[in-house]
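Values in this text are rule-based calculations from the coordinates and carry no lab data. All of these numbers come straight from a predicted model, not from anything done at the bench. Positions of Cβ are backbone-derived with ideal geometry, glycine not excepted, and every protein chain shown enters the neighbour counts.
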């Protein structure tokens, strides 16, 4: 299976990066081919620009978007690894989604509304949080984010969407962090 991993944390010393390393080690050990797009490392610009809109007038999408779209097309599955900021995607990842999953590439209009064009087998969203699981569940933020994330992906054609959260990373002990990393490895290997 070919996997595109979109990674969205600015620090290579972060726990989020350790999750990325363990997950991709698991992918490798599981015999999967994969590519990692580190949005901060490549300097991806998340802002939608006039050039992005040129496609509606018959123009070309910007090269940075076309390059990312080629990576999406080449993959069987998509994985997103990111820190949850304000109970949502970090801005750089949301901008990647907005620019790369563009009209005519990821979806089109029809009499019924949006019609998804992507045919990936599945998507996995792995996030790290700063607060405990109970907080996200009792406030409704967990359900809201999962509905939001799965709605975005299902609207572009990806129906099988899973979520994994590693909660309260700054607050938990080393043993819990170790278990999180073991889970990340297993998720990659069994992907």
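Values as computed for the structure displayed
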read-out: Cα long-axis angle, helix 141-155 against the chain (0 to 90 degrees, to the nearest 10); value: 40
read-out: Computed [θ] at 222 nm, deg cm²/dmol, the chain (DSSP H ≥ 4; -39,500 (n - 2.57); rounded to nearest 500); value: -12500 deg cm²/dmol
read-out: Shape category assigned to the range 2-189 from the gyration tensor of Cα positions, a/c cut at 1.5; value: prolate
read-out: Efficiency of FRET from Cβ geometry, residue 76 and residue 131, R₀ 25 Å, rounded to 0.05; value: 0.15
read-out: Extended-chain gain in nm, criterion 0.36 nm per residue less alpha-carbon gap, residue 94 and residue 112; value: 4.0 nm
read-out: Cβ-derived FRET efficiency at R0 25 Å, residue 171 paired with residue 121, nearest 0.05; value: 0.10
read-out: Percent of alpha-carbon pairs separated by more than 20 Å within the range 57-137; value: 46
read-out: On Cα atoms only, tilt of 15-29 relative to the major axis of the chain in degrees; value: 80
read-out: DSSP beta bridge pairing in the chain, given as percent antiparallel to the nearest 5; value: 15
read-out: Ascending count of other beta-carbon atoms within 10 Å, so fewest first, for 126, 152, 42; value: 42, 152, 126
read-out: Cα-projected label distance for residue 53 with residue 29, points at 7 Å along beta-carbon direction, nm; value: 4.9
read-out: Computed label-point distance, nm, for sites residue 186 and residue 86 using a 7 Å Cα→Cβ extension; value: 3.5
read-out: Alpha-carbon centroids, the range 124-168 and the range 19-62: separation in whole Å; value: 20
